[in-house]
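Structure, as C-alpha cells:
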C-alpha cells in the first residue's frame, strides 16, 4: 500500500495535515484500531470527511500512512563513532518511543490487531517493521566494519535482541525502568554483541 499524493485542490494545508495527524493519534490511542473511524478523525480534526477521503480511501490506509511516517522517523540510526555509544543512543530512543503517550498505547493495539488481521499485519511489516529494521541494521553494519562485532554475527537476531528487553519490560510486564536500567542493558548487550570483548 502506497499513500496517494494529493494534487491540485486536494492538497491539504500544513495546519490541516497536522490536525489530522494529531486526530488519528488521539483517536487510535483512546479508542483502539477496531473503533477508529474516519468520521471520528474528521470531527476531532475539525475538517470535513472529504479532506480525509481525498488522501486515503480507507481507514487502514489512513491509519497506517500516519503512523508509519512517525514510527519510521522515530527509528534510531545514531552514529556516535562507537558500538557502545550507538547502542546506548538506540536504547534511549526505543525507551522514548515505547513510553510515548500515544505510541505506548498504539503499538500494543497494532500488534493485537495484526494477529487477527493478516492484511494489516502485512502492511504493518512493509511500512513500519522493515524500514525500522533497515535503519537499525546500518548501525550494526558500521560496528562490524569497525571491528567491534564479529563479521559473521546474525544481524536479524541482533535486531530482535536489542529491541526485545525494553518492549518486554514496558509493554508486556508493565514494569518501569529504574535509574541505570539503560546503562546496565547497554553493558549486557555489549558483552553479547562483541563476543565478550566489550
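Considering 134, 125, 113, 69, the condition of being in a helix (DSSP H, G or I) and within 27 Å of residue 183 (Cα to Cα) is satisfied by 134 alone.
Restricting to region 94-104, name every residue that is part of a helix (DSSP H, G or I) and surrounded by fewer than 16 Cβ atoms within 10 Å (Cβ to Cβ). Result: 96, 104.
In a residue-by-residue description of region 73-83, the property of being under 17 Å from the mean Cα position of the chain (by Cα), surrounded by fewer than 17 Cβ atoms within 10 Å (Cβ to Cβ) and farther than 19 Å from residue 161 by Cα applies to at least one position. Being in contact (Cβ under 8 Å) with a residue 12 or more places away in the chain, under 15 Å from residue 85 (Cα atoms) and surrounded by 18 or more Cβ atoms within 10 Å (Cβ to Cβ) holds for only one residue in 110, 189, and it is 189.
FYI, it's all coordinate maths here, none of it is from the lab. Model, not experiment: these values are computed from the prediction. Here the Cβ is made from the backbone with ideal geometry for all residues, glycine too, and neighbour counts use every protein chain on show.
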